[in-house]
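What follows is a short report on a single structure.
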Amino acid sequence: MARRRNKREEKPKIQYIEAKTSNQKEYIRSIVENDVVFCSGPSGSGKSFVAAGIASEHLHRGDIEQIVITRPLVCTGKDIGSLPGELGEKIAPYLLPMKENLQFFLGRSYYGYYDNEGQIIYRPLEVMRGSTFHNTYMILDEAQNCTVEQIKMFITRMGKNSKVLINGDVNQDDLRGRSGLEFCMDRLSSVDGVGVCKLSYEDIQRNDIIGRVLNALEN
């Protein structure tokens, strides 16, 4: 008589990204078809979530060797000061949202495996100069707080068989002056191999009221 399979013995499964809106579907198509993709949209519209989902699927499938996650170390509002600990501990709070997204798609088991193997890398944008990433999904989150020079530096870290995904909300930057994300989206939209996507309040999936609140506050 065959032994019943214990739930703990079941092979862990990953979640695959599924577009919830037409704009998200266009965003996914753009990632597949281009090497560099910019995406701007309000909080909760899926710009980081979709990026994590596509990257997780391609890593698990063996299409790439690693995922690199970064963002500028800029606080929202008042500066919280220097954080204690080593570099990894200092940047962990900033990169936690992307970590949670990757864990959602990969599950804790696969996430832990890829993390332990060094295939999921978190690195501050400020220390990436001089690096080159081959066979990698490079994700720059919260890019509305980047200068043009920072975004240029990030893109030029790109090696063979890699993709660059740059996400942010041009309406929520904490910089003085024009966001580098907005500038690059305007200037690079006609470059072959570069995709530019914009999500809207209608793409927000967290809670319907978020879109109504943001729309009322920003218009």
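The values are calculated or read from the model by the stated rules, or taken from the named source; none is laboratory data. Keep in mind that what you see is a predicted model, and the values were worked out from it rather than measured. Positions of Cβ are generated from backbone atoms using ideal geometry, with glycine treated the same way; all protein chains shown enter the neighbour counts. With ligands, DNA and RNA removed, areas are computed over all heavy atoms of the protein, side chains included. Shrake-Rupley method; radii C 1.70, N 1.55, O 1.52, S 1.80 Å.
Remarks
- Against the criterion of being free of Cβ contacts under 8 Å to residues at least 24 places away in the same chain and surrounded by 14 or more Cβ atoms within 10 Å (Cβ to Cβ), Tyr111 qualifies.
- Set side by side, the residues Leu102, Leu106 differ, and just one is closer than 22 Å to Leu73 by Cα and open to solvent by less than 20 Å² (accessible area, probe 1.4 Å), which is Leu102.
- Residues that are open to solvent by 40 Å² or more (accessible area, probe 1.4 Å), in contact with a helix residue (DSSP H, G or I) (Cβ under 9 Å, 6 or more places away or on another chain) and in a loop (DSSP other than H, G, I, E, B), drawn from segment 140-162: Glu142, Thr147
- Condition check for Leu165: part of a helix (DSSP H, G or I), within 17 Å of the chain's Cα centre (by Cα) and not acidic (Asp, Glu): no
- Yes/no for Ile54 being in contact with a Phe, Trp or Tyr (Cβ under 8 Å, 6 or more places away or on another chain), at pLDDT 95 or above and either closer than 24 Å to Val191 by Cα or in a helix (DSSP H, G or I) (or both): yes
- Of residues in segment 116-131 being over 17 Å from the mean Cα position of the chain (by Cα) and polar (S, T, N, Q), the one modelled with the lowest pLDDT: Ser131
- Of the residues making up segment 22-36, those that are β-branched (Val, Ile, Thr) and either buried (at least 18 other Cβ atoms within 10 Å of the Cβ) or more than 15 Å from Ile166 (Cα to Cα) (or both) are Ile28, Ile31, Val36.
- Among residues of segment 44-67 that are open to solvent by less than 30 Å² (accessible area, probe 1.4 Å), those with a Cβ under 6 angstrom from a residue that is assigned to a loop (DSSP other than H, G, I, E, B) and polar (S, T, N, Q), sequence gap 6+ or separate chain, pair up as Ile64/Asn135.
- Some residue of segment 123-139 being open to solvent by less than 20 Å² (accessible area, probe 1.4 Å), in contact (Cβ under 8 Å) with a residue 40 or more places away in the chain and under 16 Å from Pro42 (Cβ atoms): no
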